[in-house]
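S.K.: Structure provided below as structure tokens; questions to follow.
The values are calculated or read from the model by the stated rules, or taken from the named source; none is laboratory data. Small disclaimer: the values here were computed from a predicted structure and weren't measured. Neighbour counts are summed over all protein chains in view; Cβ atoms, including those assigned to glycine, are modelled from backbone coordinates with ideal geometry. Keep in mind that these areas ignore ligands, DNA and RNA; they rest on the heavy atoms of the full protein, side chains included. Shrake-Rupley method; radii C 1.70, N 1.55, O 1.52, S 1.80 Å.
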Amino acid sequence: MRATCATIHLGALRENLRRVRELAPGAKVMAVVKADGYGHGLERAARALEGADAFGVAAIADGQRLRAAGTSQRIVVLSGPDEAGDLAEMRRLRLDAVIHHESQIELLAADADPRPLRVWLKLDTGMHRLGFPPERARDVHARLRALPSVDRDVALMTHFANSDVFDDALTTHQIERFERSVSGLDGERSLSNSAGILGWPEAQGQWVRAGGALYGISVVAGKIGADFGFRPAMTLSTRLVAINRVRRGDRVGYAATWEAPEDMPVGIAAVGYGDGYPRHAGPGTPVLVNGVRASLIGRVSMDLITIDLRDVPAAKVGDAVVLWGRGLAVEEIAEHADTIGYELTCGVTRRVRFVEDES
């Protein structure tokens, strides 16, 4: 059996939710489980996070999976409906819809179903991706509440563009613009994503939308999840399948890009970009071999990586290799691969074996 394994720490997920509530004590928590629970498994993550007040998903298909798994909480489709048939399915599954574009209002206006759909009105305060201009907030809010197909309890939301920079003027501007545009309007407010929860307590509103933080991941430059009191929820590991000795001057891996500076042992571990390990992780990227830090040499291939074992002289075939997780922050690997931890956990592929752990 291939040794590559992603261990999902269910206890860490539950503890991270508790930490979010500690940071935002006056807000309800929408646990964002899109992208298959940030790569941790949609149903698995939702089961561990059952204490959340709602779940946020990217697509109706995620709502279908969660309801089939027995999830009873509110489920919010963050992109809303794309076509008329989506509205009937959202009602059947009791899904909330985020409304961010005029075309979606037209769908709702043409909908003859008398059962009101719960909606969230999204405003674009500076992200410039999805959402109505703030100056249209009152008009759109009134139009939605007047539609018989829409529940009159319309929530109000926006999304931060740069909240991971805690002294950023853009986020201050977004908060102020949102508050001005919704002043006096009925409806619960939701502004903060994970970084907003950490760095902008004045923007918590009645709902916070926690994503990466629940999985123990930070997107704040130079920080890891543990710096904010979060625990990694995934440990990606494998084993050494061979140990070879190379001589000084020997070149290792595809394109012969890495040259041995001396006679040395090289470990070969069963993981590669076919498993979701980042191909662009270069020499010097850390791994743990039996708990001891070692580093990659040569290029990452589809199925294998090569490891400098000079600091682990007692290593042997079959020894455990941790790629990220407990003891080795995913953010550190992401930095070496010029990406973020979110992409790494989301990119773990289907050939990796997933196991659950209560810790």
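S.K.: Say R0 is 56 Å: what FRET efficiency, to the nearest 0.05, do Arg92 and Ala256 get from their beta-carbon distance?
M.R.: 0.45
S.K.: Another question about this same structure. Which one of Val20, Val292, Val77 has the biggest mean-square fluctuation once the chain is modelled by GNM with Cα springs under 10 Å?
M.R.: Comparing Val20, Val292, Val77 in a Gaussian network model of the chain, the most mobile one is Val292.
S.K.: Also, quick follow-up: Which percent, to the nearest 5, of DSSP beta bridges fully inside the chain are antiparallel?
M.R.: Details: 30 of 60 bridges.
Percent antiparallel among DSSP bridges in the chain is about 50.
S.K.: A follow-up question, please. Run the numbers for Phe166 and Asp139: contour at 0.36 nm per residue of separation, minus the present Cα-Cα distance, in nm.
M.R.: 6.5 nm
S.K.: If you don't mind, another one. Describe numerically, in nm with one decimal, the distance between label points set 7 Å from Cα along Cα→Cβ at Phe354 and at Ala221.
M.R.: For Phe354 paired with Ala221, the spin-label model returns 3.3 nm.
S.K.: If you filter segment 289-359 for trypsin sites (Lys or Arg not before Pro), then keep DSSP loop positions with at most 16 other Cβ within 10 Å, what is left? Please list the in-between numbers first.
M.R.: Details: sites: Arg293, Arg299, Arg310, Lys316, Arg326, Arg350, Arg351, Arg353; in loops: Arg299, Arg310, Lys316, Arg326, Arg350, Arg351.
Of the trypsin sites (Lys or Arg not before Pro), the ones in loops of segment 289-359 whose Cβ has at most 16 other Cβ atoms within 10 Å are Arg310, Lys316, Arg350, Arg351.
S.K.: Also, quick follow-up: Determine which lysines satisfy two conditions relative to Lys223: a Cα distance under 25 Å, and not lying fewer than 8 residues away in the same chain.
M.R.: Candidates past the 8-residue exclusion: Lys34.
S.K.: Using a cut-off of under 13 Å, list every residue of segment 316-333 whose amide N is near the label point 7 Å from the Cα of Ala3 along the Cα-to-beta-carbon line.
M.R.: Residues 316-323 qualify, since their backbone N sits under 13 Å from the label point.
S.K.: Right, here's the next one. Rolling a 1.4 angstrom probe over the protein heavy atoms, how many square angstrom per residue are accessible across segment 20-90?
M.R.: 36 Å²
S.K.: In Å, what Rg and Dmax follow from the Cα atoms of segment 178-260?
M.R.: 23.2, 74
S.K.: Using a 1.4 angstrom probe, figure out how much accessible area segment 119-237 has per residue, in square angstrom, rounded to the nearest whole.
M.R.: Using a 1.4 Å probe on heavy atoms only, each residue of segment 119-237 averages 39 Å².
S.K.: For segment 8-151, with all protein chains present and a 1.4 Å probe, just round the carbon and sulfur fraction of the accessible area to a whole percent.
M.R.: Carbon-and-sulfur percentage of accessible area, whole number: 51.
S.K.: For the chain, just list the percent of Cα-Cα distances falling in each 20 Å bin from zero outward, please.
M.R.: Answer for the chain: a P(r) of 28, 48, 21, 3 percent.
S.K.: Within segment 254-359, which GluC sites (Glu not before Pro) sit in a loop by DSSP and count at most 13 neighbouring Cβ atoms inside 10 Å?
M.R.: Filter output for segment 254-359: Glu262, Glu358.
S.K.: Next up: Could you tell me the largest-minus-smallest coordinate of the C-alpha atoms of segment 142-203 on each of the three principal axes, in descending order and whole angstroms?
M.R.: That works out to 42, 20, 16 Å along the principal axes.
S.K.: Mind jotting down a quarter of the surface of the convex hull over the alpha carbons of segment 1-127, in square nanometres, one decimal? Don't skip to the end; give the middle numbers.
M.R.: On the way: hull surface 41.5 nm².
About 10.4 nm², averaged over all directions.
S.K.: Something else: According to a simple spin-label model (label point 7 Å from Cα along Cα-to-Cβ), what is the distance in nm between Gln206 and Asn290?
M.R.: So the two model labels end up 5.8 nm from each other.
S.K.: By per-residue mean of other Cβ atoms within 10 Å, what is the highest-first order of 131-137, 234-240?
M.R.: Going by the mean number of other Cβ atoms within 10 Å, highest first, we get 234-240, 131-137.
S.K.: Still on this model: Given Cα pairs under 8 Å that are at least 6 residues apart, what percent is the relative contact order of segment 44-105?
M.R.: 32 percent
S.K.: A follow-up question, please. With charges only on Cβ, +1 for K and R and -1 for D and E, what is the dipole size of the chain about its Cα centre, in debye, rounded to 20? Please list the in-between numbers first.
M.R.: On the way: 44 positive and 47 negative charges, 172 e Å.
My answer is approximately 820 debye.
S.K.: A further question follows. Direction-averaged shadow area of the convex hull around the Cα atoms of segment 1-76, nm²?
M.R.: Numbers: hull surface 23.2 nm².
Over every viewing direction, the Cα hull of segment 1-76 projects on average to 5.8 nm².
S.K.: Relative contact order, percent, of the chain when contacts are C-alpha pairs under 8 Å separated by at least 6 residues?
M.R.: Relative contact order here is 18 percent.
S.K.: So which lysines can Lys28 reach, going by Cα to Cα under 20 Å and dropping same-chain residues fewer than 8 places off?
M.R.: Lys122
S.K.: Arrange the peptides 124-130, 181-187 so that the one whose residues have, on average, the most other Cβ atoms within 10 Å appears first.
M.R.: Most protected by this proxy first, the peptides run 124-130, 181-187.
S.K.: Also, quick follow-up: Please give the contour-minus-distance gain from Asp311 to Glu176: 0.36 nm per residue of separation, less the Cα-Cα distance, rounded to one decimal in nm.
M.R.: Length difference between fully extended and current span is 43.3 nm.
S.K.: May I pose another question? Ignoring any ligand, DNA or RNA, what whole percent of the accessible area of segment 220-359 comes from carbon and sulfur when the probe is 1.4 angstrom? Display every interim value, and only then the final one.
M.R.: Values: 3350 of 6840 Å².
C and S atoms contribute 49 percent here.
S.K.: Using alpha carbons only, how many angstrom separate the centre of segment 199-250 from the centre of segment 1-51?
M.R.: Value for the Cα centre distance between the two parts: 13 Å.
S.K.: Here is a further query. For a quick protection proxy, order the peptides 227-233, 164-170 by their average other-Cβ count within 10 Å, most packed first.
M.R.: Working: 227-233: 21.3, 164-170: 13.6.
Packing order, densest peptide first, comes out as 227-233, 164-170.
S.K.: Turning to a different aspect of this structure: Post the alpha-carbon centroid distance, segment 333-359 to segment 118-178, in whole angstrom.
M.R.: Distance between centres, Cα-based: 32 Å.
S.K.: What is segment 2-95's relative contact order, in percent, from Cα pairs under 8 angstrom and six or more apart in sequence?
M.R.: Computed over segment 2-95, the figure is 23 percent.
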